[in-house]
Amino acid sequence: MRAVEVKRFGGPDVLTVRELPDPVAGPGQVVVDVAAVDVLFVDTRIRSGWGKEWFTVEPPYVPGNGAAGVVASVGSEVDKSWLGRRVLAHTGENNGMTPVGAYAERAVVATSALTPVPDRLALPEALTLLHDGPTVVALLEKAAVRPGERVLVNAASGSLGTLLVPALKAAGAEVIGAARGTRKLDFIREWGADDAVDYSIPGWTDRVGPVDVVFDGSGGDIGTAAYALVRPGGRFLAYGSSAGEFPKTEPAREGVTVVAILDVSKGVDMRAALTDMLEKAAAGAVTPLVGQTFPLDQARAAHEAVEARQTVGKTLLLT
């Protein structure tokens, strides 16, 4: 089978397409014929050598931990009814803590890491929800946004932001989306936000003004600046670091609740949340956005586009 391998830590050029042996399912596992692969910003960070204190990944390795496809074979101790089923799969090792194995034509996955895809939903669209769908559910539960509240969404044109914006509008919030560049700002407004602000322009926080809630997928100086906008009684939810690092929320601001990335999913059944989001998408109540796709052998171009902040919505590799 073809697979993309990180031969050493470095830039996108370290991604190499290789022929590897077809995987074989062991006890409690299945082999999935992969149709689409989720490309995450964190994939590019890990590829560069970042995050060694969190991710036990060493080259050479096949990156990625999210795929959609069809179950092609099953190992022992696996119900044969899985054969032929359309599924989403977390391919990571160590209960998903090591994000590897997805950038390939086939992947071995434990049945506990599979989620069936409703018949009415295409696999690429379903895959946009694998990571971001449950996170959105958890974020909205933690934020408890009320009608009339002003809400800022950083990285609003990204895959998670495109799910948050319509959900927040449906909750009755006034939504300001922040991103970089005219193309993304136009998209955010078209996607339903009340306003859009370019956070690469000095003084952008003055344009936003005080808010009740911040959903921060950017981190770094952008997230830190957004934290200062939250009114007493407001909430600041940090779930990303596309700007480089996580935002600084110390010293704590009196009356402001901070939900850090490791706290987002606490108390939330993320598997049930994913199933719920898939059913809503199949029924047309949630609109997944596949912003751009690349063939598997163009993983390097996909990483370059993600790192250059050229993408809108979800980026996928197609086999």
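Please treat every number below as a calculation from the coordinates, not as lab data. Note that the structure is a prediction, hence the values are computed from the model and not measured. A quick note on method: Cβ atoms are made from the backbone with ideal geometry, for glycine too, and the neighbour counts reach across all protein chains shown.
Results, tabulated for the structure shown:
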{"quantity": "Violating pairs (Cα-Cα greater than 31 angstrom) within the set LYS52/LYS80; LYS142/LYS248; LYS7/LYS142; LYS169/LYS248; LYS7/LYS248; LYS52/LYS280", "calculated": "LYS52/LYS80; LYS7/LYS142; LYS7/LYS248; LYS52/LYS280"}
{"quantity": "Relative contact order computed over the chain (Cα-Cα under 8 Å; 6+ residues apart), in percent", "calculated": "18 percent"}
{"quantity": "Length added when fully stretched, ARG85-ARG183, from 0.36 nm per residue minus Cα-Cα", "calculated": "31.4 nm"}
{"quantity": "Positive-end extreme of charge dipole, segment 130-263 - chosen from PHE246, ALA260, ALA155 (charges on Cβ)", "calculated": "ALA155"}
{"quantity": "Surface/4 of the Cα convex hull for segment 146-207, nm²", "calculated": "3.7 nm²"}
{"quantity": "Radius 11 Å from Cβ of ALA25, net charge of other residues (Lys, Arg +1; Asp, Glu -1)", "calculated": "-1"}
{"quantity": "Contact order relative to length of segment 137-229, as percent, for alpha carbon pairs under 8 angstrom and 6 or more apart", "calculated": "30 percent"}
{"quantity": "Exposure proxy ranking, count of Cβ atoms within 10 Å, fewest first, for THR16, THR128", "calculated": "THR16, THR128"}
{"quantity": "Built amide H within the under 5 Å cut-off of GLY158, gap 5+", "calculated": "GLY313"}
{"quantity": "Over 15 Å [Cα-Cα, segment 1-65], rounded percent", "calculated": "57 percent"}
{"quantity": "Tail fraction, Cα-Cα pairs, segment 76-178, threshold 17 Å, whole percent", "calculated": "63 percent"}
{"quantity": "Lys/Arg +1, Asp/Glu -1 at C-beta; the chain dipole; positive extreme among VAL214, GLN298, LEU130", "calculated": "VAL214"}
{"quantity": "Principal axis dimensions, segment 130-263 - Cα atoms, whole angstrom, descending", "calculated": "36, 31, 29"}
{"quantity": "Test item: Cα-centred dipole of the chain, Lys/Arg +1 and Asp/Glu -1 on Cβ, debye", "calculated": "160 debye"}
{"quantity": "Percentage of interatomic Cα-Cα distances in the chain larger than 38 Å", "calculated": "13 percent"}
{"quantity": "Antiparallel DSSP beta bridges within the chain, as percent of all bridges there, nearest 5", "calculated": "55 percent"}
{"quantity": "Unit charges at the beta carbon, dipole of segment 35-99: most positive-side option, VAL62, TRP50, LEU88", "calculated": "LEU88"}
